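Here's the structure we're looking at; comments come further down.
The values are calculated or read from the model by the stated rules, or taken from the named source; none is laboratory data. This is a predicted model, so every value here is computed, not measured. FYI the Cβ positions are ideal-geometry reconstructions off the backbone, even for glycines, and counts take in every protein chain you see. Surface areas here come from the heavy atoms of the whole protein model, side chains and all, with no ligands, DNA or RNA. Shrake-Rupley method; radii C 1.70, N 1.55, O 1.52, S 1.80 Å.
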Amino acid sequence: MGDSTAMQCEAITRGGTRCQLAARPGSRWCWWHDPANAADRAAARHRGGKARHGRDLAGGEAYELREVADVVALLGVAVGDLLTLENSVSRARAIASLATVAVRALEVSELEARLSALEARLGGDDGKGV
Ligand SMILES: [Zn+2]
């Protein structure tokens with residue numbers, strides 16, 4: 001027996017098909033479906049935000065997109081969902097388009113961070129500047 005062969009996740013997706021992802025080592029499920037990761041998944045979904053009113057936010061909830069981090073987290077969840085679907089041209093297109101949006105969001109986020117750093121330098125220091 002070779003234990004290096006990755007097992008396929010046993011979960012059944014919303015579409016009724018078997019999850020196409022590899023199970024995690026020592027688990028019967030992939031990261032997205034492993035019950036042990038429910039807390040991690042919730043955290044990933046709401047990184048930068050907080051679970052509203054302590055409710056358990058499962059799929060189908062409306063997301064509050066207030067920060068780039070919220071958008072990126074949402075995109076990550078969306079891509080994860082797509083990856084559980086059977087491979088197809090439209091799935092590939094959807095993933096590519098989400099990835100493109102994520103890259104733009106991250107670029108904006110980085111620019112904001114750099115701008116903040118610049119502003120802090122200009123306004124925050126001794127003020128004498130150049
Ligand atoms: Zn899975």
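Just a few scattered comments:
- Residue pairs meeting the criteria (Cβ under 8 Å; at least 6 apart or on separate chains; first of a type in the set (K, R), in the stretch 26-39; second more than 8 Å from the ligand (Cβ to nearest atom) and open to solvent by 50 Å² or more (accessible area, probe 1.4 Å)): R28/M7
- Only listed residue being open to solvent by 40 Å² or more (accessible area, probe 1.4 Å), of a type outside the set (K, R) and in contact with a helix residue (DSSP H, G or I) (Cβ under 8 Å, 6 or more places away or on another chain), chosen from L75, L111, L65, L118: L65
- The set of residues from the stretch 84-99 being open to solvent by 60 Å² or more (accessible area, probe 1.4 Å) and either of a type in the set (S, T, N, Q) or within 16 Å of the ligand (Cβ to nearest atom) (or both) comprises L85, E86, N87, S90, S97.
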